[in-house]
Amino acid sequence: MLTPYTRDVNALHSELDAFELMLQPLTALHEKADIMPFFRRSSNLAAYLGYANNNLISPNLLGIEHDLMGFPLRRRYQRIHARGT
């Protein structure tokens, strides 16, 4: 589901600092336990990553774990890797 988004530069800087702190420990990070919860609560950083899409001018909607062509991305990724391809 897409939700309305308004950029907050100060919050983005705080989220970047928190991301840097999360990456510093030598312990392994897990997608489900560590990374996804972080991006769910870091909407400004998640939206900023959307700028990797050259067609994006200014994000005004945000979707975390958004379905792609009717398939939740996480389930599709798991199925592909379960087959070993």
_Pairs with Cβ under 8 Å, 6+ apart, first in segment 26-41 and closer than 20 Å to LEU12 by Cβ, second assigned to a loop (DSSP other than H, G, I, E, B) and acidic (Asp, Glu)_ = MET36/GLU65
*Of all the residues that make up segment 42-58, how many are within 14 Å of LEU12 (Cα to Cα) and at pLDDT below 85?*
3
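The values are calculated or read from the model by the stated rules, or taken from the named source; none is laboratory data. Everything numeric in this text was worked out from a predicted model, so none of it was measured. Please note: Cβ atoms are built from the backbone with ideal geometry, for glycine as well, and neighbour counts cover all protein chains shown.
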